[in-house]
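A.B. asks: Have a look at this one before I ask anything.
The values are calculated or read from the model by the stated rules, or taken from the named source; none is laboratory data. Remember, it's a predicted structure, so these values are computed and weren't measured experimentally. When we count neighbours, we look across all protein chains shown, and the Cβ atoms used for this are built from the backbone with ideal geometry, even at glycine.
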Amino acid sequence: MTSQRFSADDRGSASVIGCAVMAALIAITATLLHVGSVVVARHRAQAAADLSALAVASALDRGVVAACEVAEPIVSRMRVQVRRCEIDGWYAEFEVTARVSSLFGGEVATAVARAGPAAASGG
């Protein structure tokens, strides 16, 4: 008689299943938000590095210090931090970091870009 009582009384089980489903949906949503914010930060960092490297390479005729300073407006408007600006002959290598959304800790995305003169085409 006792086993029949436990198996026949399933009132409230839908609430438990509903709570488990909601918890799973919340976990999936949080994971997607985190991955999305990392991807956005990485793309922003790469775009800033690309633009900055091009700006630095185009200003190399003004000197190394002046060329690296040309990238400051780009860096500030794209909300990234300069990690390094190196010049090797007529080539500029620029590295930046961008913070991932503050909701997910202090993670950073890093990007590097190199720019210089185009190779002369034989023709």
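A.B. asks: Report whether or not L32 is over 16 Å from A113 (Cα atoms), modelled with pLDDT of 95 or more and of a type outside the set (F, W, Y).
C.D. replies: So L32 does not fit the description; no.
A.B. asks: From the list S7, S52, which one is modelled with pLDDT under 90 and hydroxyl-bearing (S, T, Y)?
C.D. replies: Just one listed residue meets the conditions, S7.
One line per residue, one yes/no per condition, for (1) in a helix (DSSP H, G or I); (2) acidic (D, E); (3) closer than 19 Å to G106 by Cα:
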site: V35; (1), (2), (3): yes, no, yes
site: V38; (1), (2), (3): yes, no, yes
site: R42; (1), (2), (3): yes, no, yes
site: A47; (1), (2), (3): yes, no, no
site: S52; (1), (2), (3): yes, no, no
site: V56; (1), (2), (3): yes, no, no
site: A66; (1), (2), (3): yes, no, no
site: P73; (1), (2), (3): yes, no, no
site: R79; (1), (2), (3): no, no, yes
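A.B. asks: Oh, and also: Would you tally the residues in the stretch 95-107 being under 29 Å from A30 (Cβ atoms) and either in contact with a helix residue (DSSP H, G or I) (Cβ under 9 Å, 6 or more places away or on another chain) or crowded, with 19+ Cβ neighbours inside 10 Å (or both)?
C.D. replies: Total meeting the criteria: 9.
A.B. asks: While we're on this one: What residue, of V100, V112, is at pLDDT below 90 and either under 25 Å from G36 (Cα atoms) or in contact with a Phe, Trp or Tyr (Cβ under 6 Å, 6 or more places away or on another chain) (or both)?
C.D. replies: Exactly one of V100, V112 is at pLDDT below 90 and either under 25 Å from G36 (Cα atoms) or in contact with a Phe, Trp or Tyr (Cβ under 6 Å, 6 or more places away or on another chain) (or both), namely V100.
A.B. asks: Okay, next question. Can you name every residue in the stretch 50-94 that is over 17 Å from the mean Cα position of the chain (by Cα), surrounded by 14 or more Cβ atoms within 10 Å (Cβ to Cβ) and among the β-branched types (V, I, T)?
C.D. replies: V56, V64, V70, I87
A.B. asks: Scan the stretch 85-106 residue by residue and report those that are over 12 Å from V40 (Cβ atoms) and in contact (Cβ under 8 Å) with a residue 60 or more places away in the chain.
C.D. replies: Scanning the stretch 85-106 gives a single hit, L103.
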